[in-house]
Amino acid sequence: MSESEKSLKFKIVDIIYILMMILPLVAGVILKLLTKPATEGVSITGAQIYFTIPMPIQDFPVTESQITSLLVIITILFVCLYLTHGLNERINLKRQHFAEMIVEKVDKLVKDNMGEYFMGFAPFIVAILALSAFSSLSSLLGLYPPTSDINVVGGWAVLVFIIITYFKMKCGPLAYLKGFTEPVALLAPINFVSEFATPVSMAFRHYGNVLSGTVISVLLGSALAGLSSMLLGALPGFLADIPLFQFGIPAVLSIYFDVFSGCLQAFIFAMLTMVYVSGAFDITAYMQRKERKAAKSKK
Amino acid sequence: MELALGIILGCCALGAGLAMIAGIGPGIGEGNAVAKACEAIGRQPECKGDVTTTMLMGCAIAETTGLYALVIAILLIFVAPNILVDVLVETMGLIG
């Protein structure tokens, strides 16, 4: 099956995948356009709440960021399905080269940063990387980027924290507790605080970077509007309403704040996950413990 | 009532401005990191990729304190006034 002789069924499935990649984002944009409240001037608000589900302890608000992140997840799912559609041993599709390139790069990254033992982490790392990058890039479409909501990023950070603690516990709960008294027992409270500072700093770093980009973009947009109305306001008729400085200038900043900063923060979140998780686990201590256990059970 | 409102809003804005003084630290730190990375690349151009990756990581970590300040400032500007004004109205209602 080469590029030219794809069967009809293959093509139809391809088209469905491509449509399903684009449709969620289009749906998100339409939803945003329909529900956006009309505002004048500068408005920096949090995620808009669509509806709340009553729950026993506290009501559960369904916000823009949850909807957008679900749409992004659907998009990523169909990107993956599209890239792996028609995989075979004789590589004859362009997308297969691309998919293999991604897998090889991520495998190399994980191997370099975490070591051979953690190779099973590669799918998790690339999932976090893709989710974070696509979420930040969704602001290019005018959607509310889920990563500028502390709740979304905080959730990821808590997940990473659970994984870190699991790998620290792997050498035994006593060894985990003893880790707090290193290097001196006096430092235990500080070690305890720094343990919980890890997820907080990860969440704040990602969220702060994306949110500050949004805030600066909004402020700059209103400042440019003020500047152009100041310059052209004296002119008669429709000439006074020409947004002279709002052409192009915000787009240049968007390249930095949305594209570069979003991708960089995604990469950094994934890198920090790898560094923290592999740093939490001492493979030699784990092997010694395993041997000791095996020796005990033999007796 | 007006005076109390003015003090609340003004102090929130002042606090946000003061919090962002923390921006100095990450600025100096990241500048140092980038300067050293440039030196390293100048000495050994062949390890440009590794140096750049490590530098970006280091910059991100150095940025953390600045971002803490940013979060505090954003809370002070967008969240704190609403809560404090609500508290003020409540106490005024209790007194008067």
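The values are calculated or read from the model by the stated rules, or taken from the named source; none is laboratory data. Just so it is clear, the model here is predicted, and its values are computed rather than measured. Please note: Cβ atoms are built from the backbone with ideal geometry, for glycine as well, and neighbour counts cover all protein chains shown. These area figures cover heavy atoms from the full protein model, side chains too; ligands, DNA and RNA do not enter into them. Shrake-Rupley method; radii C 1.70, N 1.55, O 1.52, S 1.80 Å.
Accessible area per residue for the protein assembly as shown, computed on protein heavy atoms with a 1.4 Å probe, is 60 Å². Computed with every protein chain present, the accessible area of A:Met21 is close to 40 Å² [probe 1.4 Å]. Ranking of A:His97, A:His206, A:His85 by solvent-accessible surface, largest first: A:His97, A:His85, A:His206 (1.4 Å probe, protein heavy atoms only, all chains present).
Taking a span of 15 Å or more along the helix axis (Cα atoms) and a mean Kyte-Doolittle hydropathy of at least 1.0 as the rule, the DSSP H helices of chain B that qualify are B:2-19, B:48-74, B:80-95. Using only alpha-carbon positions in the protein assembly as shown, the gyration tensor eigenvalues give semi-axes of 40, 34, 24 Å once each is multiplied by 5 and square-rooted (largest first).
Residue ranking by accessible heavy-atom surface, 1.4 Å probe, largest first, among A:Glu116, A:Glu100 comes out as A:Glu116, A:Glu100.
Relative to the longest principal Cα axis of chain A, at what angle does helix A:64-84 sit, 0 to 90 degrees, rounded to 10? Between the helix axis and the principal axis of chain A, the angle is about 70 degrees. Against chain A, whose longest principal axis is taken from its Cα atoms, helix A:261-279 shows a tilt of about 10°. Excluding A:Asp14 itself, what net charge comes from residues whose Cβ is under 10 Å from its Cβ, given Lys and Arg +1 and Asp and Glu -1? Net charge around A:Asp14: +4. Ordered by solvent-accessible area of protein heavy atoms (1.4 Å probe), largest first, the residues A:Asp149, A:Asp282 come out as A:Asp282, A:Asp149.
A simple count of charges around A:Gln288, restricted to other residues whose Cβ falls under 13 Å of its Cβ and scoring Lys, Arg +1 and Asp, Glu -1, yields +4.
Take every pair of alpha-carbon atoms less than 8 Å apart whose residues are at least six positions apart; their mean separation over the length of chain B yields a relative contact order of 49 percent.
The share of accessible area on segment A:3-298 that comes from carbon and sulfur is 72 percent, using a 1.4 angstrom probe. Which net charge results when you count Lys and Arg as +1 and Asp and Glu as -1 among the other residues whose beta-carbon is under 12 Å from that of B:Ile61? Result for the neighbourhood of B:Ile61: -1.
Pairing chains A and B buries close to 1300 square angstrom of accessible surface in total, based on protein heavy atoms and a 1.4 angstrom probe. Nearest 10 degrees is fine. How inclined is helix A:150-169 to the longest principal axis of chain A, computing both from alpha carbons? Roughly 10 degrees between the two axes. Kindly identify residues of segment B:35-63 having a loss of at least 40 Å² in accessible area between the isolated chain and the assembly of all protein chains, probe radius 1.4 Å. Relative to the lone chain, where solvent access is computed with a 1.4 Å probe, segment B:35-63 loses at least 40 Å² at B:Leu56, B:Met57, B:Ala60.
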